[in-house]
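Presented below is the structure to which this report refers.
The values are calculated or read from the model by the stated rules, or taken from the named source; none is laboratory data. Fair warning: this is a prediction, and the values are worked out from it, not measured in the lab. Note that each Cβ is placed from the backbone with ideal geometry, even for glycine, and that neighbours are counted across all protein chains shown. SASA here: full protein model, heavy atoms, side chains in, ligands and nucleic acids out. Shrake-Rupley method; radii C 1.70, N 1.55, O 1.52, S 1.80 Å.
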Amino acid sequence: MARRPRSADDTVTSGPQRLVGILRSSIPPVHPAGLPFVSAGLIVAALGRNHRWARRAGLAAAGANAAFFRHPARTPPHRTGVIVAPADGRVCLVESVPPPPELGIGSDPVVRISIFLSLLDAHTQRIPIGGEVLAVVHRNGRFHSADVPAASTDNERNSVLIRTPEGLHVVVVQIAGLIARRIVCDLQVGETVGIGDTYGLIRYGSRLDTYLPAGSEVLIESGQRTLAGETVLAQLPGPARQS
């Protein structure tokens, strides 16, 4: 059967649709917490449309905020018993320390993996392992640079305690940095979360600490890059360890 030649109408109709499809597949959406900042830049550009510098400044601000608050799709691993990175960034510390005292889960040292986020990293944060949220505790503090060891204890932070189905405790802590001054956490005590679920962000530079259950096998090293919700940080111990 002969193929019908494409008409000019086909080109007009399919061209914009194809462009929209390409943009949707290649440009990640913006996290809702970032929409006011993107909108503010667009408003400045619209109000200053008769002034080149104002229009350019507004569009630049909107674009920068859209990039910062981007929310790329991620696919968590199907393996059970693994702990994934809660954030994009670089592993800056792997060490044994007591968990945050405000959670009340003891002072025995456990492995803590710290991930530093630069301004260029996606700042949406994800749940490192599925389970029940037992505690969400915000603590005021300083705003030191987030890539120094003292940031874990001195800086403003938000600690989340998750209990896995096996009864193990995993802690993830959002830490404000030198520029970051606003921690966003959407979790509530008692809710059930899944591995890789988005749960919050920190505006403009930050750090995420993950505290592992005793006996976990660490599968990452300091200096490595991570992708939130995908990069495996560790394997749970005992019966939770499966392939």
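Annotation: Arg139 carries an accessible surface of approximately 70 Å², with a 1.4 Å probe and no ligand, DNA or RNA atoms counted. Local charge for Val97 was computed over the other residues whose Cβ lies under 15 Å away, with Lys and Arg +1 and Asp and Glu -1, and equals -2.
Placing pseudo-labels 7 Å out from each Cα toward the beta carbon at Arg49 and Thr192 gives an inter-label distance of 5.1 nm.
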